[in-house]
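Read through the structure below, which is laid out as structure tokens, and then see the notes.
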Amino acid sequence: MTKKRSLISMTDAEREAFLAEGRTLNLASLGPRGRPHLVAMWYCILDGSLWCWTYAKSQKAINLRRDPRVTGLIEVGERYEELRGLTLYATAQISEDPDQVLMVGRALFERYQSGTTAVSLGDFLGSAPKRIAFLLDVEEYVSWDHRKLGGRY
């Protein structure tokens, strides 16, 4: 009998589409006492890589400077047969380059704020001098799409 994991894993193309449509990355870094520090992050994809930004003085930034290993989760679905998700194991690579931080900020604005009147691009990027950007160098993905089971468990 085929293992369920192989039946529900996403293909590379499915994973890329899921990342493109996903909205929130739950990202865990290691806090000062070694416990997971879990936060919800917006992310963007630039040249095939996942990027985020955060305030340079945030706990997350402090954690990433101390230990760049992270685990992330994106998931959707209300019922078991609808569940889809992606776990990623990665190493964060921090960039303090102002141009890179602005590029990530612009991409985040376009992805999450474009078309709204809640905030302008200028207001959104106003915090850029206080921020860092970080690339998630993904070492491994684990994915699932329970829709592939066709209602069978």
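Derivation of every value follows stated rules applied to the coordinates shown; laboratory data play no part. Owing to the predicted nature of the structure, the values given are computational and were not obtained by experimental measurement. Backbone-built Cβ (ideal geometry, glycine too); neighbour counts: all protein chains shown.
For the stretch 110-123, what does the Karplus curve 6.51 cos²θ - 1.76 cosθ + 1.60, with θ = phi - 60°, yield as ³J(HN,Hα) per residue in whole Hz, taken in order and with x for Gly and Pro?
Result, rounded to whole Hz: 4, 6, 10, 10, 4, x, 9, 9, 5, 8, 8, 4, x, 5.
Show me the ranking of peptides 6-12, 132-138 by mean Cβ neighbours inside 10 Å, starting with the highest.
Most protected by this proxy first, the peptides run 132-138, 6-12.
For the stretch 23-38, just list the computed ³J(HN,Hα) in residue order, Karplus coefficients 6.51, -1.76 and 1.60, θ = phi - 60°, integers in Hz, with x standing in for Gly and Pro.
10, 10, 9, 7, 10, 10, 10, 9, x, x, 9, x, 8, x, 10, 9
Residue by residue, what Karplus-based ³J(HN,Hα) values in Hz, rounded to whole numbers, does the stretch 7-22 have, using 6.51, -1.76 and 1.60 with θ = phi - 60° and x for Gly and Pro?
6, 9, 5, 7, 6, 4, 5, 5, 5, 4, 5, 5, 4, 5, 8, x
Assuming R0 = 22 Å, what is the FRET efficiency of residue 26 and residue 89, from their Cβ-Cβ distance, to the nearest 0.05?
Once the sixth-power term is evaluated, E becomes 0.95.
Which longest run of the chain has no exposed loop site in it, a site being GluC sites (Glu not before Pro) in a DSSP loop with at most 14 other beta carbons within 10 Å, and the site itself not part of the run?
Answer from the scan: 1-77.
Set the Förster distance to 25 Å, then compute FRET efficiency between residue 106 and residue 59 from the Cβ-Cβ distance, nearest 0.05.
On the way: r = 25 Å, r/R0 = 1.00.
According to the calculation, E is roughly 0.50.
How high is the relative contact order of the stretch 4-149, in percent, with contacts defined as C-alpha pairs under 8 Å that are six or more residues apart?
The value is 31 percent.
Take a quick pass over the chain and tell me how many lysine pairs come in under 22 angstrom between Cα atoms, counting only ones 8 or more apart or on separate chains. Display every interim value, and only then the final one.
Numbers: 3/148; 4/148; 57/130; 60/130.
Close lysine pairs found across the chain: 4.
Within 10 Å, count the other beta carbons around each residue, average over each peptide in 35-41, 68-74, 144-150, 117-123, and list them highest first.
Per-residue Cβ counts within 10 Å, averaged per peptide and sorted highest first, yield 68-74, 144-150, 35-41, 117-123.
Over the stretch 1-89, what is the mean sequence separation of C-alpha contacts under 8 Å (at least six apart), divided by residue count, expressed as relative contact order in percent?
25 percent
Please name which of 124, 112, 87 has its Cα lying farthest along the dipole of the chain towards the positive end, using unit charges on Cβ (Lys, Arg +1; Asp, Glu -1) and the Cα centre as origin.
87
May I ask for the net charge around residue 25, where only other residues with Cβ less than 14 Å from the Cβ of residue 25 are counted and Lys, Arg are +1 while Asp, Glu are -1?
+2
Around residue 76, under 9 Å between beta carbons, what's the net of Lys plus Arg minus Asp minus Glu among the other residues?
-2
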